[in-house]
Amino acid sequence: KNQELAFHSTIFFNGKKYHLGFIDFLIHLNDFNFEKHYFRLNQILPKRIMNNLLLYSSGNSLHGYSLILLEPKEWRQFMARLLLVDLLNSTNKLIDTRWVGHRFLSDFGSLRWSNNSGSYKALPTLISTINDQSS
């Protein structure tokens, strides 16, 4: 009670460390334009991540969860690429770059997966997968 549960990106498999790629968007579901924002992301992020991305509404913004396991170097490159997404367009920021910075410093991704404290608008809810929209 009054504590939030977060989904952690780090996974250990066969003695090796991996990460799932997470994205904390600044944009709210009502402002998300799939065609425009998918195009921006697709210019920067690897196709294998984009083709396996789940989009969730957190109540405050959108979250992205990739189903691809990334080795630590790949994860750092993925996070760095997130910082480049908004350089393509200085207005209408898509990525929460402060979140990216905090995740770099912590060496793992983390996104809220509950709504126990009442500080948030809703539980994260699956909106779509990129495959739903791009096929």
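Where a number appears in this text, it was derived from the coordinates with a stated rule and is not lab data. Keep in mind it's a predicted model, so treat the numbers as computed, not measured.
Descriptive notes on the structure:
- Cα gyration tensor, the range 1-47 - rounded (a/c under 1.5), prolate or oblate: oblate
- Of LYS17/LYS47; LYS17/LYS73; LYS73/LYS93; LYS16/LYS73, pairs whose Cα-Cα distance is over 19 Å: LYS17/LYS47; LYS73/LYS93
- Report summary: the helix-based calculation at 222 nm, which adds -39500 (n - 2.57) for every DSSP H run with n ≥ 4 and divides by the residues of the chain, gives -9000 deg cm²/dmol.
- Equivalent ellipsoid of the chain: semi-axes from √(5λ) of the C-alpha gyration tensor, largest first, are 21, 20, 15 Å.
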